[in-house]
Amino acid sequence: QVQLVESGGGLVQPGGSLRLSCAASETIINIPFMAWYRQASGKQRDLVASLGTGGITNFADSVKGRFTLSSDNVKNTVYLNLNDLKPEDAAVYYCYVRKGLSVYWGQGTQVTVSS
């Protein structure tokens, strides 16, 4: 079982930046697929960004050019770097792992974008 712990959320003004962290309980080198989802109040949970085998990344159209992914294999952590934040980016952000037939979710971290 993979345990995921997110951190880094908070309150930021429009145009600001945050870095979200997802720390895994095992080496991320062995995890073929990791992703970040977000869920705004009253809305469905949507895929924001993913990191697949070979370091292939994908981003939702709404965040392309503003969000990036990075990772630290020593810390077993994947980061979602949020830049030029907009009010519509406000949501609970969840880390997701798919390994074999199993999927795992973190507990989520709240991002609030407000002036």
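The values are calculated or read from the model by the stated rules, or taken from the named source; none is laboratory data. Please read these numbers as outputs of a predicted model, since none were measured by experiment. Every residue, glycine among them, receives a Cβ derived from its backbone with ideal geometry; neighbour counts consider all protein chains shown. Note: areas computed on protein heavy atoms with side chains; ligands, DNA, RNA excluded. Shrake-Rupley method; radii C 1.70, N 1.55, O 1.52, S 1.80 Å.
Key figures
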read-out	value
For region 7-23, Karplus couplings with θ = phi - 60° (6.51, -1.76, 1.60), whole Hz, Gly/Pro x	7, x, x, x, 9, 9, 7, x, x, x, 9, 9, 10, 9, 10, 10, 9
Amide proton proximity set for GLU26, modelled H, under 5 Å, gap of 5+	GLN3
Cα centroid separation - region 96-115 against region 8-60, whole Å	7 Å
Rounded accessible area of PHE67 (nearest 10 Å², 1.4 Å probe)	10 Å²
Karplus-derived HN-Hα couplings along region 39-55 (A = 6.51, B = -1.76, C = 1.60, θ = phi - 60°), whole Hz, x at Gly and Pro	9, 7, 4, x, 10, 6, 7, 10, 6, 9, 7, 9, 10, x, 4, x, x
Positive dipole terminus of region 28-115, leading residue within ASN81, SER102, GLY65 (C-beta point charges)	SER102
J(HN,Hα) series, region 98-104, from Karplus relation 6.51 cos²θ - 1.76 cosθ + 1.60, nearest Hz, glycine and proline x	10, 9, x, 8, 9, 10, 9
Antiparallel content of DSSP bridges confined to the chain, in %, to 5	95 percent
Amide hydrogen neighbours beyond the local backbone of GLY108, cut-off 5 Å, H modeled	GLU6, CYS95
Low-density loop cleavage sites - GluC sites (Glu not before Pro) in region 1-108, where at most 14 other Cβ are within 10 Å (DSSP)	GLU26
Area accessible to solvent at LYS43, 1.4 Å probe radius, in Å²	140 Å²
Residues of the chain: accessible area per residue with a 1.4 Å probe, Å²	53 Å²
Dipole magnitude of region 30-115 about its Cα centre (Cβ charges: Lys, Arg +1; Asp, Glu -1), debye to nearest 20	180 debye
